[in-house]
Structure formats: C-alpha cells, structure tokens
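Here the structure is laid out as structure tokens; the discussion comes afterwards.
Just so it is clear, none of the values below were taken in a lab; they were calculated from the coordinates. Keep in mind that what you see is a predicted model, and the values were worked out from it rather than measured. We place every Cβ from the backbone using ideal geometry, glycine too, and count neighbours over all the protein chains shown.
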Amino acid sequence: MATPTPTRQQRSASLQLRRTFRAPRERVFRAWTTPEEMKRWKAPGPLTTPLAEVDLRVGGKYRIHMREPDGTEHRLIGEYREVDPPKKLVYTWSWEDIPDMGETLVTVEFLDRAGATEVILTHELFPTDEDRNRHEHGWSGCFRSRGIVET
C-alpha cells in the first residue's frame, strides 16, 4: 500500500539560504530568469543543466532538466506565482520523476546591498525533513557555482 502524500497543512519542512553576490541586483535576477544563464548554474556539483525553458510571467511555466554524469535526468517543472523584477520571484517546484514528493514553493528575494545583491531563498512545503535536507544540499551546491554571476 502506498504512503499517502501529505496535505499542504502537513507539509511544514522548509529551508532558507542567504548568499551575497558581488553583482548588481538586475544581473543576479537575470541569472535566475534567463534560460541560457540558468543552464550555467542551476544544478549542483557534477550535474549539468541541458535544458532550461522559462515563460517569465505570473502563470507562466518553467522546465529544467538536470543531468547526472551517468546520463540520468531529473526533470523539474513549475509555475510562476509572483514576478517582480528585480526584487522577487515566487514559483512552484515539482519533480516529474519524483511525483510522490508533490509540489513545493520557492520564494527568492533579491536585496540591493551597495552594488552587491543579497539573495534570500526560502523553499517550503516539503513532505519530509529528508526531502528538505536533500534540497538544502542541492541549493547550497548551486549557490557555490560561479556561473550564477559570470558575465
């Protein structure tokens, strides 16, 4: 018998990460919203991002494929709930290849810090602490990537 997916009210696991990038807010926002730039950094560690598609508007969809060194692909989809350039993004996050995890929610704030940009990422509504921990590890790997602000 399959374990039921937790309801939204039962999904309390969340994470928050902060990182400051030495780049203007508009530049960092563009790295989060332009497919070619997302391909440079939107996968942790040895993974690559062969596909990134973005329809950057409220109700618009996005799709990201992350590829493991052995060729295994992880397919991510979602919908933009809030788009406020260059200040804030809110979007859903669902793994096509892990349907039992269900939909989570990502909020990214871009704060101007005297020519630098502080990014505050909140990822919430995980069904388990284990899912949250895996995503915290993944996001931390993405944040370490220099591709997020390469010119």
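Let's see if you can work this out: charge +1 on each Lys and Arg Cβ, -1 on each Asp and Glu Cβ, no other charges. What is the dipole magnitude of the chain about its Cα centre, in debye to the nearest 20?
Using Cβ point charges on Lys, Arg, Asp and Glu, the chain gives about 600 debye.
Tell me the Kirkwood radius of the chain: reciprocal of the mean inverse pair distance over distinct alpha-carbon atoms, in Å. Don't jump to the answer; show the numbers that get you there.
On the way: mean 1/r = 0.0632 Å⁻¹.
After inverting the mean inverse Cα-Cα distance, the result is 15.8 Å.
Using Cα atoms only, what is the angle between the long axis of helix 129-144 and the major principal axis of the chain, expressed in degrees (0 to 90) to the nearest 10?
20 degrees
Residue farthest toward the positive end of the dipole of the chain, with Cβ of Lys/Arg at +1 and Asp/Glu at -1: which of 35, 116, 126?
Of the options given, the answer is 116.
Please work out how much length the chain gains when fully extended from residue 14 to residue 120, using 0.36 nm per residue of separation minus the C-alpha to C-alpha distance, in nm with one decimal. Could the numbers behind the result be given before it?
Working: separation 106, 0.36 × 106 = 38.16 nm, distance 1.32 nm.
Roughly 36.8 nm would be gained on extension.
Can you check what the net charge comes to around residue 115, using other residues whose Cβ is under 11 Å from the Cβ of residue 115 (Lys, Arg +1; Asp, Glu -1)?
Details: positive: 22, 25, 27, 113; negative: 112.
Residues near residue 115 contribute +3 overall.
Rounding to the nearest 20 debye, state how big the charge dipole of segment 71-151 is about its Cα centre with +1 on each Lys and Arg Cβ and -1 on each Asp and Glu Cβ. Don't skip to the answer; put the middle values down first.
On the way: 9 positive and 17 negative charges, 81 e Å.
For segment 71-151, the charge dipole is close to 380 debye.
List the relative contact order of the chain as a percent without decimals, with contacts defined as Cα pairs under 8 Å and 6+ residues apart. Intermediate results must be reported in sequence, preceding the final value.
Values: 325 pairs, mean separation 46.1, N = 151.
Answer for the chain is 31 percent.
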